[in-house]
Each structure stands twice: as structure tokens, then as C-alpha cells.
Amino acid sequence: MRNTAKKLPFVCDPVTVTQDDVEDAIRTILTWIGEDPSREGLSETPARVARAYKSYFAGYDQNPEDYLRKTFEETAGYDEMVLLRNIPFQSHCEHHMAPIIGRAWVGYVPRSRVVGISKLARVVEAYAARLQIQERMTAEIANIIDEVLQPEGVAVVIKAAHHCISSRGVKKHGVDLTTSRMLGCFRTDPMSRQEFLAMVNSDLKD
């Protein structure tokens, strides 16, 4: 996978790492944990894991900007909040590569242009399909929408469960992390912020 994404430093050239290299690395891990990678149940595991990782981390081959470039101006003067709610996503934490399972709420107030609603979900997925910390992912989603659409304001809330805290370490189950990023009118206007958060909170109560 190549890195065309917005914009991660210090990404090595993936052309130098082959599928065989990845599979060999998985075999090494299997041996390290005490398994026999040649046994029947594990013989195809390295290839499966390599394919899974390519899917999990497909975001490195996506530029979220591209999803926001096609916009529509025939909105009959619509200038109220646009909110896409309960966007499910799966990511992986960059510290332990453990799953992050969550939902995102993405809202903006258009200045003159709107974007297709599926594109907001694609932006979330593009950033989720990378090694992440939730705080950065939240900021990245808000920042790219603000940069490309130049709306009156952008608001993003993410609520997620982190398996690095539930399956290892302190092993606390049922713990969620909530993060938010408010830009423009959502940062400066308490009423806009309250309207957005009220809709988010109504979903969280369901």
C-alpha cells in the first residue's frame, strides 16, 4: 500500500516489504508465543493475517481529501447544521495494535457547499483504517472537513471502546473513551455547540 494520505511523516516505502516478508514475520510471532506455524490449523494463518492487515490498514492508501472534493451548491440557501450520526468504525491503537470499536458523529454548518453524506462516513473510515489514537483521529476528521469544505463550523464526537484496556493491562470492561473537536461556530457559539451535543447525547441514551 502506498501512502497518499493526509499526511503522515516517516512512512517507509511499502514496496520494500513484500507479502512473503509479512507472512514470515507472522510465522516468527507464532513461534515466539510457543506455537507451531506448520501445523494444519496454522499453516494458512500467516497469509490470512497479512490479508487482514491489508484490509485493516487500507487507510494508508486513501486520501480523505478526495472524498470531500465533489460538492453541491444547489442547496436552496440551506445554512443549518448537517449531522451524520452513529457512524460505526473499527480502528487499531498504535500502542498495542489492539482493536478500537466505536461510533462517530460528524456535523458541519455549510457556508455555500455541501458534500454527499456518504463522503463523511468515508472520511471517518479512511482515518480509522490506520494505527490511531482516538484524540488524533477526532482532530484529523474535523480538520480535513474544515480545510476542504471551509464551512461555518465543524463538530466531531467519537465514543469508542479500546481493547488495549479491556483485554490487557488493567482489564477494565465496559469502559468507553469520548473525544470531541469543535471548530468555527461550534467553538464560538454556545447555542450551536449545545444543539450538536444534544443530538449526540440523545443517541447515546438509546
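Numbers for the structure displayed
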{"quantity": "Low-density loop cleavage sites - GluC sites (Glu not before Pro) in the range 92-138, where at most 15 other Cβ are within 10 Å (DSSP)", "calculated": "94"}
{"quantity": "Proximal aspartates and glutamates to residue 119, defined as alpha-carbon separation beneath 12 angstrom and excluding residues fewer than eight positions away on the same chain", "calculated": "65, 66"}
{"quantity": "Per-residue [θ]222 nm for the chain (sum of -39500 (n - 2.57) over DSSP H runs n ≥ 4, rounded to 500)", "calculated": "-12000 deg cm²/dmol"}
{"quantity": "Tilt relative to the chain, helix 190-205 - C-alpha long axis, 0 to 90 degrees, to 10", "calculated": "50 degrees"}
{"quantity": "Over the chain, equivalent-ellipsoid semi-axes from the Cα gyration tensor in Å", "calculated": "37, 21, 13"}
{"quantity": "Fraction of beta bridges assigned by DSSP in the chain that are antiparallel (%, nearest 5)", "calculated": "95 percent"}
{"quantity": "For residue 153, distant residues with modelled amide H under 5 Å away", "calculated": "109, 185"}
{"quantity": "Angstrom value of the Kirkwood radius, inverse mean 1/r, which spans all Cα pairs in the range 35-136", "calculated": "16.0 Å"}
{"quantity": "Segments 107-115, 45-53, 197-205 sorted - mean Cβ within 10 Å per residue, highest first", "calculated": "107-115, 45-53, 197-205"}
{"quantity": "Cut-off under 5 Å, modelled amide H: who pairs with residue 98 long-range", "calculated": "93"}
{"quantity": "Tilt relative to the chain, helix 45-56 - C-alpha long axis, 0 to 90 degrees, to 10", "calculated": "10 degrees"}
{"quantity": "Hz values of 3J(HN,Hα) by residue in the range 99-112 - Karplus curve (6.51, -1.76, 1.60), Gly and Pro given as x", "calculated": "x, 10, 10, x, 9, 10, 10, 10, x, 8, 10, x, 8, 8"}
{"quantity": "Order by protection proxy (mean Cβ within 10 Å, highest first), peptides 174-185, 68-79", "calculated": "174-185, 68-79"}
{"quantity": "Partner aspartates and glutamates for residue 70 [C-alpha distance under 16 Å; skip if fewer than 8 residues away on the same chain]", "calculated": "146, 147"}
{"quantity": "In Hz, Karplus ³J(HN,Hα) per residue of the range 16-21 (6.51, -1.76, 1.60; θ = phi - 60°; x = Gly, Pro)", "calculated": "7, 10, 9, 4, 4, 4"}
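Read the figures in this text as sums done on the coordinates, not as results from a lab. The shown structure was predicted, so the numbers you read here are calculated from the model rather than taken from an experiment. In this analysis, Cβ positions are derived from the backbone assuming ideal geometry, glycine residues included, and neighbour counts consider all displayed protein chains.
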